[in-house]
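Structure record follows, encoded as structure tokens.
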């Protein structure tokens, strides 16, 4: 086998997959050749051969699968005329420098642009790449394997998620440059990817107002209303309605100066990405306090959509008067890396350390709510030099029941609950448990359903919940030496009040603050009291 020194094999996965060498398209005779190249190119890591064989030939005997994989590797390299694969014993990966993949390049550029960096490409190249990425990823690719199809669906969801973020960033840039036609085209592409994005409709209305087009404002708002009503039976958020009114007035009577991006109500948080050894972690900071407070969220989160909730903005605004508040999505959900991500207490704790390093924060207070509690406990016990103090709300120390921990679900009951939650994904899942007082509110139901859809695919959700089920940090509780505050609502339906009492009794010198209410979400039903308690406790230390 020889590797031509002048050419790199081009693997194009936008649209129908193609393999190109120089100016010539190669016709790979085996459909699994495309599947193998796509899988290894997008995974970007050595993968156990046994796993690849199972993925491509599910149901086959292990020895038969390995033999078929060896033959597929040989024939793919033979048809391409070069060595494509390598890997340590028992693994396989794409050989460095042998293949260039458009989808991999898109991810690199998109993350750099979203993070506010300069990827080293001319602006036109970024925009052209975004346009190409609007095609269906791996369109028509299949190899008669449900496992491969599940992986491919996850890849498409992740791709659409990243593409939406990039298109919004490009539209912001184009609008700031007064390239209104280009900005309109970018927003229209975004709405084809995500027809329920209120942020995109807000951007479209603002652009129409910039160019003095009242009809364009009306049209964008009408489509937004119709889309949300048809899909969720709800209306746009209050911020979207305010933007419509302001954009409509501005379009009818153009102001003396053009609108700059961010003038509309509800300016979004500025998301950044901390790049660690285990993948990219999305985070943002609010406020400029001398001390940092890291919010460790529950099992699912999406910072940008969460920020649309007025209760979240309000209570974080209160905390930001004293702290630099750090928001983030753990790897596996939200805006952070999902591909290949695992969900354990250790991985979530590693995400926080990655963010602290990226943001040059030596020490921080930790606020662990719900499933964010175990990771906060892990950090406080094992990384005390990075932790100023610990605050827990509605948190637990174990995910499933044990003989000496009777408040959680039995493992089989937990798995049944997890299956039901995944089956109902896409709607306002379990909102009656998490927020009983707000469960009938149409806007809250629509907001929660949209957050869930964008925060995790069913596959990534399963990984997160399985990690929670197996969590047990009780042995670490006696090792916590920093100041600790435990808050828990007496009527919490998701995590019983006794769990909070248990935590406070096991953490040395912890202060317990019982609170009234039923909601598991800390940002409603007494959120001001939660913020006041945090501020009171931290000022004493």
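Given a Förster radius of 45 Å and the C-beta distance between residue 188 and residue 402 as r, what FRET efficiency does 1/(1 + (r/R0)^6) yield to the nearest 0.05?
0.25
What does the convex hull of the Cα atoms come to per residue for the stretch 435-541, in Å³?
Values: hull volume 13.7 nm³, N = 107.
Once divided by residue count, the hull of the stretch 435-541 is 128 Å³.
How high is the relative contact order of the stretch 1-156, given as a whole-number percent (alpha carbon pairs under 8 Å, six or more residues apart)?
Relative contact order comes out at 34 percent.
Scale the Cα Rg of the stretch 184-334 by the rule-of-thumb value 2.2 N^0.38 Å and send over the ratio, two decimals.
So the stretch 184-334 has a normalised radius of gyration of 1.17.
Give me the three principal axis extents of the stretch 79-186 from the C-alpha atoms, as integers in angstrom, largest value leading.
Principal extents (largest minus smallest coordinate, Cα): 53, 30, 25 Å.
Could you sort 236-246, 199-209 so that the peptide with the highest average Cβ count within 10 Å comes first and the rest follow in order?
199-209, 236-246
Would you mind calculating the gained length between residue 154 and residue 412 on full extension (0.36 nm times residue separation, minus the Cα-Cα distance), in nm to one decimal?
Details: separation 258, 0.36 × 258 = 92.88 nm, distance 2.61 nm.
Full extension of this stretch gives 90.3 nm more.
State, to one decimal in nm, how far the label point of residue 385 lies from the label point of residue 45, with both points 7 Å from Cα in the Cβ direction.
Using points 7 Å along Cα→Cβ, the separation is 2.7 nm.
May I have the pair-distance distribution P(r) for the stretch 313-414, computed from all Cα-Cα distances with 5 Å bins from 0 and rounded to whole percent?
In whole percents, the pair-distance histogram is 2, 11, 18, 22, 20, 13, 7, 4, 1.
Report the Cα-based extents of the stretch 371-478 along its three principal axes, largest first, to the nearest Å.
Result, largest extent first: 43, 33, 27 Å.
Based on the Cβ-Cβ distance from residue 226 to residue 509, what FRET efficiency comes out when R0 is 60 Å, to the nearest 0.05? Working shown, then result.
Numbers: r = 57 Å, r/R0 = 0.95.
After rounding, the FRET efficiency stands at 0.60.
How much FRET efficiency would the formula 1/(1 + (r/R0)^6) give for residue 181 and residue 100, where r is the Cβ-Cβ distance and R0 is 22 Å, rounded to 0.05?
Working from the Cβ atoms, E equals 0.10.
Quick check of the Kirkwood formula: for the stretch 1-97, what is the inverse mean of 1/r over all pairs of different Cα atoms, in Å? Walk me through the intermediate numbers first.
Numbers: mean 1/r = 0.0723 Å⁻¹.
By the Kirkwood definition, the hydrodynamic radius is 13.8 Å.
Please tell me the relative contact order of the stretch 266-367 in percent, rounded to the nearest whole number, where contacts are Cα pairs under 8 Å and at least six residues apart.
Reported as a whole number, the value is 36 percent.
Please list the radius of gyration and Dmax for the stretch 272-539, considering alpha-carbon atoms only, with Å as the unit.
Considering the stretch 272-539 through its Cα atoms, Rg and Dmax are 16.8, 46 Å.
Place the peptides 448-456, 494-502 in order of packing, highest mean first, counting for every residue the other Cβ atoms within 10 Å and averaging per peptide.
448-456, 494-502
Note down the relative contact order for the stretch 272-539 as a percent, whole number, built from C-alpha pairs under 8 angstrom at least six residues apart.
21 percent
Mind grabbing the base-10 log of I(q)/I(0) for the chain at q = 0.09 Å⁻¹? Debye formula, identical points on the C-alpha positions, no solvent, two decimal places.
Cα-only, vacuum Debye calculation for the chain: -0.74.
What does the helix-only formula give at 222 nm for the chain: each DSSP H stretch with n ≥ 4 adding -39500 (n - 2.57), the total divided by the residues, and the result rounded to the nearest 500 deg cm²/dmol?
-15000 deg cm²/dmol
What order do you get for 98-104, 355-361 when each peptide is scored by the mean count of other beta carbon atoms within 10 Å, highest first?
Listed from highest to lowest mean packing, they are 98-104, 355-361.
Kindly work out what percent of the DSSP beta bridges joining two residues of the chain are antiparallel, to the nearest 5.
Antiparallel bridges make up about 45 percent of those DSSP assigns within the chain.
Can you give the extra length, in nm with one decimal, that the chain gains between residue 518 and residue 498 once fully stretched, where that is 0.36 nm per residue apart less the Cα-Cα distance?
Value of the extension gain: 5.8 nm.
Looking at the stretch 272-539, what % of its DSSP beta bridges pair antiparallel, to the nearest 5?
30 percent
Starting from the 7 Å offset along Cα-to-Cβ, what nm value, one decimal, do you get for the label separation of residue 441 and residue 536?
2.4 nm
How much length, in nm to one decimal, is gained on full extension between residue 219 and residue 142, taken as 0.36 nm per residue of separation minus their Cα-Cα distance?
Computed gain between residue 219 and residue 142 is 23.8 nm.
Bear in mind these aren't lab numbers, they're just calculated from the coordinates by the rules spelled out. Nothing here was measured: the structure is a model prediction, and the numbers come from that model. Positions of Cβ are generated from backbone atoms using ideal geometry, with glycine treated the same way; all protein chains shown enter the neighbour counts.
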